[in-house]
């Protein structure tokens, strides 16, 4: 089978990429989705707050997904459900061989361009090193979300949540509404990993305590969870003896971070960032493998689906350009680097000649910064620094994705070998 | 009196400062700062006088492809009515097909607000 563009994943990123690719003139697209419906994780995110940027109204997850499913349907963009992509292999002629499997069997698709839109998954218990038995009753917050919102069953009645990621906060409220008692949300770090609005409307509204600098140090119960021990940690995240508190509970939910799902990207030879665990991309959202693009949570974990859709539209458009323009000579690249509190940037390379008049650069900080100053400067090959922009922010926190704009006109005159420095300074 | 609060309308979560005066025994918000859009001002005024929330949940479905259909209140309801609304939803069953936007319950728990489906379940 042959197609111009294969999109791996039919969630918000894949759908938005497909729609923009189609609108940019490449109509020969195939979306491959492993679940039994399109829309991805939005289908189980039944809470509201989606779409204020994209649609200027407040939608629930399923409603937001339905809008994009409808846009793809209007364009009659083909998709295959229950289809798992097994491998992506760049070929000598520049095409990509995509191997996938479903109930019809194994299929091989030759594509000119591929958009990676596989999303992310939750950090599991095995990655957290919580000591103790392995009883039933311990779930990732997203698994519990699926149980409650899709399958209509409750995993338990007395709940402790480890990690203050947004899904954990959302589930604290959801379980409370459904009659469970949520005893506490414990967070290892001295600050919350979730959005402030979720602390307010999911915890404060229901008097659920958030215990910062606290972790689970013991799991009780052999067949089924009977309780957990929470313990305070010091500034080096070591448990402080004597601060143990026992919580009688039948459910422990883990909301300890999301990991971009990049096994396929690695197999395809795509270079990954050790900080984001997502592909290293240019301002066209093209990975280190020409013609392979990435967007959404597989690229880096986003706070807002609206930003995912915007990013995916960019990826889809550039995938279409790649297909339409057979000249694939490499554009000039300027590397983006971080200093101070900024941990990473997406993209990692700006291509001044190819980029839009304005390039949105996403980044996160590694700590809470107050009275923060965000500067962007050009570091010229001779060592000279030229400040391009400066902005003050009252607070910057790791739980909130930040953005800064680069202007094409600022980057075009920079000599080859220049670097762009994104720097955050402030009181940590 | 100055009250500080976090706007919950969108994930920006603006930090708001509102000035509240008591007029005839009732709180009145006289100024709001820190908001980046008009929703923030409206939120602070409501939150400090008569807080409301949109409630989202699920309702059991019979004969559908899924066991439950997600629903929401068509607009915000008084915060103190949240558990009354949940009690009503626990007693509701619907038959498939249910379509996105269908009214599942009218005037839920006396709030004057409808419960609508947020997904199609066939």
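Readers should treat all values here as calculations from the given coordinates under stated rules, not as data from a laboratory. What you see is a predicted model; the values in this text were computed from it and never measured. Every residue, glycine among them, receives a Cβ derived from its backbone with ideal geometry; neighbour counts consider all protein chains shown.
May I ask for the angle, rounded to the nearest 10°, between helix A:12-23 and the longest principal axis of chain A, with both axes built from Cα atoms and the value confined to 0 to 90°?
The angle comes out at about 20 degrees.
Across 10 Å bins from 0, what is the distribution of all Cα-Cα pair distances for the protein assembly as shown, in whole percents?
Per 10 Å bin, starting at zero, the Cα-Cα P(r) for the protein assembly as shown comes out as 3, 16, 25, 27, 19, 7, 1, 0 percent.
Within 10 Å of each residue's Cβ, count the other Cβ atoms and sort B:59, A:289 from fewest upward.
Placing the least packed residue first, the sequence is A:289, B:59.
Taking only C-alpha pairs under 8 Å that are 6+ residues apart, what is the relative contact order of the range B:56-117 in percent?
38 percent.
Taking every pair of alpha-carbon atoms in the range B:2-50, give the share separated by more than 15 Å as a whole percent.
Taking all Cα-Cα pairs of the range B:2-50, the fraction more than 15 Å apart is 35 percent.
Using the alpha-carbon atoms, what tilt in degrees (0 to 90, nearest 10) does helix B:38-49 show relative to the longest principal axis of chain B?
Taking Cα atoms only, the helix is inclined about 90 degrees.
Can you tell me the relative contact order of chain A? Whole percent, Cα pairs under 8 Å, sequence separation 6 or more.
15 percent
Add -39500 (n - 2.57) for each DSSP H run of 4 or more in chain A, then divide by its residues: what number comes out at 222 nm, to the nearest 500 deg cm²/dmol?
Calculated from helices alone, the mean residue ellipticity at 222 nm is -5000 deg cm²/dmol.
Compute the long axis of helix A:61-74 from its Cα atoms, compare it with the longest principal axis of the Cα atoms of chain A, and write down the angle in degrees, 0 to 90, nearest 10.
Tilt relative to chain A: about 30 degrees.
Please state the shape class of the range A:358-427: rounded when a/c is under 1.5, otherwise prolate if a/b exceeds b/c and oblate if not, all from the C-alpha gyration tensor.
Prolate, since a/c reaches 1.5 and a/b exceeds b/c.
What ranking of A:404, B:71 emerges when the number of other C-beta atoms within 10 Å of each C-beta is taken as an exposure proxy, fewest first?
Neighbour counts put them in this order, fewest first: A:404, B:71.
Counting only C-alpha contacts under 8 Å and six or more residues apart, can you give the relative contact order of chain B as a whole percent?
18 percent
By its C-alpha gyration tensor, with a ≥ b ≥ c as the square roots of the eigenvalues, how is the range A:272-311 shaped: rounded for a/c under 1.5, else prolate for a/b larger than b/c, else oblate?
Because a/c hits 1.5 or more and a/b fails to exceed b/c, the range A:272-311 counts as oblate.
Where does chain B land on Rg(C-alpha)/(2.2 N^0.38 Å)?
Taking N as the residue count of chain B, the ratio is 1.31.
Among the DSSP beta bridges whose two residues both lie in the range A:2-161, what percent are antiparallel, rounded to the nearest 5?
55 percent
Is the shape of the range A:124-256 rounded, prolate or oblate, going by the alpha carbon gyration tensor and its root eigenvalues a ≥ b ≥ c, with a/c under 1.5 for rounded and a/b larger than b/c for prolate?
Oblate, since a/c reaches 1.5 and b/c is not below a/b.
May I ask you to sort A:424, A:69 by Cβ crowding, counting other Cβ atoms within 10 Å and putting the fewest first?
Ascending Cβ contact count within 10 Å gives the list A:69, A:424.
Counting only Cα atoms, I'd like the Rg/Rh figure for the range B:56-117, Kirkwood definition for Rh.
Reported Rg/Rh, Kirkwood definition of Rh: 0.96.
Calculate how many DSSP beta bridges within chain A are antiparallel, expressed in % of all such bridges and rounded to the nearest 5.
Percentage antiparallel, nearest 5: 60.
Could you work out how far the C-alpha centroid of the range A:229-245 sits from that of the range A:349-379, in angstrom?
The range A:229-245 and the range A:349-379 have Cα centres spaced 37 Å from each other.
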